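Accompanying notes for the structure given below.
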Amino acid sequence: MNRSNAVIAGLLALGLTGSASAQTREACTSAVVGPAASVNGVPLLWKNRDTGTLSNKVVYVEDTPYSYLGLIDFDAPGGRHVFAGLNSAGFGIMNTVAYNLPRRSGEMEDLEGIIMADALRTCRSVDDFERQLEANLGPNLGSWANFGVIDADGKAVIFEVHNHGYEKHDAAAAERSYLVNTNFARSGAPGEGAGYLRFERASRLFDELAPGQVDFQTILTRFTRDLGHALLDQPSLEDARQTRADQDLWIFTRDCVNRPSTAAAVVIVGKDPADPASLATMWVIPGEPLTAIAIPLWVEAASSPTPLWEGDEAPMWRESLRVKEIIRPLSEGYKWHYLNLTRLDNAEGTGYLPVILETEAEIIAETLEFLKQEHTAAELAAFQERMVARALATLRAIQ
């Protein structure tokens with residue numbers, strides 16, 4: 001029995017195959033990075049969104065006092081339920097469910113999307129968001145979550161929020177000025193909640209970076225797509241590159257950062273606290289990160305590219321879901337947790353991942369060059385559209 005098959009057999013024997021409810025349970029992985037931890041001295045916000053709604057959209061919402069970009073479910077196009085976003089003041093927000101926070105029967109819950117949309121529309125700063133929480137605590141708040149927030153002043157904070165209270169964790173006070181976050185609250189019941197293996201894996205990834213050297217590119221291109229496991233010694237992409245294309249190489253991904261339920265990844269690069277005129281960028285990977293390409297977006301563009309929101313199902317997500325079937329062809333029950341690595345990369349070079357990464361690297365390089373100059377809203381919007389068109393063409397060429 002080869003190593004890949006041995007791992008699968010062991011998981012089956014241990015009953016680690018999941019259930020229908022576990023498959024759709026939200027299990028996001030995220031981080032809040034303070035300016036002292038980042039290479040460029042700006043705050044960063046990361047979220048891999050795990051959800052039962054794999055088709056998402058990104059919309060631009062014009063509002064007062066602040067307009068915003070928001071990651072939403074495909075069937076809620078109004079932008080009033082947002083799961084990560086950035087507004088025109090440079091305020092960014094995301095959430096993860098925290099399954100070990102206090103919860104009372106009969107009270108409102110699962111309103112985090114509304115809380116975040118309200119925050120994007122009304123908050124300039126982390127302090128504004130805290131005041132909003134304090135004003136709305138009570139049985140109708142509807143929160144059972146960790147909220148990661150950053151602002152133009154360089155603040156980067158996690159709020160662990162339930163209906164009747166919250167705990168605040170400032171990245172600036174952390175040992176290395178960042179906070180990794182999954183599906184338990186630090187202030188919640190010890191040992192309860194979820195996401196401990198992903199927390200351990202994501203923490204290892206960040207710990208590999210030198211102090212003060214966290215950069216958005218590493219989070220965006222590597223961490224979002226990570227297939228490492230905190231406990232299991234599974235085959236890696238390097239193993240796949242040495243394996244024939246016609247030889248399957250399966251891994252179990254339920255407890256990886258990149259999961260079958262990952263619908264999108266967002267990395268927000270905040271404004272420079274020393275430069276009020278600087279732009280915040282919202283990078284979005286529209287789909288499971290291993291099946292999609294990162295796109296830069298700006299609120300100042302006053303638009304979201306049409307392939308990210310148009311139609312019943314946005315074209316970028318539709319193509320990503322099609323590519324997903326190449327690496328996850330087994331759909332019955334728990335089987336969607338298994339990924340075939342040789343479809344991503346192999347010894348013959350026929351896997352599609354190198355093509356995705358090449359296009360993404362070009363987009364990132366062009367974006368960094370583009371941002372060296374000031375641009376009008378029309379120029380920002382046109383650049384976004386060009387990058388999305390390039391990414392979409394690359395995905396459509398994958399067979």
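The values are calculated or read from the model by the stated rules, or taken from the named source; none is laboratory data. This one's a predicted model, so the numbers in the text were calculated from it and none came from an experiment. So basically every Cβ, Gly included, is an ideal-geometry build from the backbone, and we count neighbours across all protein chains shown.
Report, by residue number, each residue of the stretch 39-60 that is touching a helix residue (DSSP H, G or I) at 6+ places or on another chain (Cβ under 8 Å), crowded, with 24+ Cβ neighbours inside 10 Å and assigned to a strand (DSSP E or B).
L44, W46, N48, N56, K57, V58
I'd like the full set of residues that are crowded, with 19+ Cβ neighbours inside 10 Å, under 29 Å from F383 (Cβ atoms) and of a type in the set (D, E), limited to the stretch 242-288.
Residues satisfying the conditions are D272, E288.
Tell me yes or no: at least one residue of the stretch 270-287 is at pLDDT 95 or above and assigned to a helix (DSSP H, G or I).
No; the residues of the stretch 270-287 include none that is at pLDDT 95 or above and assigned to a helix (DSSP H, G or I).
For the list (1) surrounded by 24 or more Cβ atoms within 10 Å (Cβ to Cβ); (2) among the charged types (D, E, K, R); (3) on the phi > 0 side of the Ramachandran plot, I need the number of the one condition that E112 fails.
Here E112 clears every test but (3).
In this structure, does L71 turn out to be buried (at least 18 other Cβ atoms within 10 Å of the Cβ) and under 29 Å from E310 (Cβ atoms)?
yes
Can you tell me which of (1) farther than 20 Å from E26 by Cβ; (2) in contact with a strand residue (DSSP E or B) (Cβ under 6 Å, 6 or more places away or on another chain); (3) of a type in the set (S, T, Y) is the one T262 doesn't meet?
The failed condition is (1).
When only residues in the stretch 61-94 that are among the small types (G, A, S) and in a strand (DSSP E or B) count, which is farthest from Q132 (Cα to Cα)?
Ranking the candidates gives G70 first.
I'd like the full set of residues that are hydrophobic (A, V, I, L, M, F, W, C), touching a helix residue (DSSP H, G or I) at 6+ places or on another chain (Cβ under 8 Å) and exposed (fewer than 15 other Cβ atoms within 10 Å of the Cβ), limited to the stretch 206-241.
Matches in the stretch 206-241: L231 only.
Can you go through E369, E360 and tell me which one is exposed (fewer than 13 other Cβ atoms within 10 Å of the Cβ) and either at pLDDT 95 or above or assigned to a helix (DSSP H, G or I) (or both)?
Of E369, E360, the one residue that is exposed (fewer than 13 other Cβ atoms within 10 Å of the Cβ) and either at pLDDT 95 or above or assigned to a helix (DSSP H, G or I) (or both) is E369.
Of the residues V267, V323, which is closer than 24 Å to I219 by Cβ, hydrophobic (A, V, I, L, M, F, W, C) and not in a strand (DSSP E or B)?
Just a single option satisfies the conditions, and that option is V323.
Given the conditions (1) in contact with a Ser or Thr (Cβ under 9 Å, 6 or more places away or on another chain); (2) in contact (Cβ under 8 Å) with a residue 60 or more places away in the chain; (3) of a type outside the set (G, A, S), and given that V32 satisfies all but one, which numbered condition is not satisfied?
Exception for V32: condition (1).
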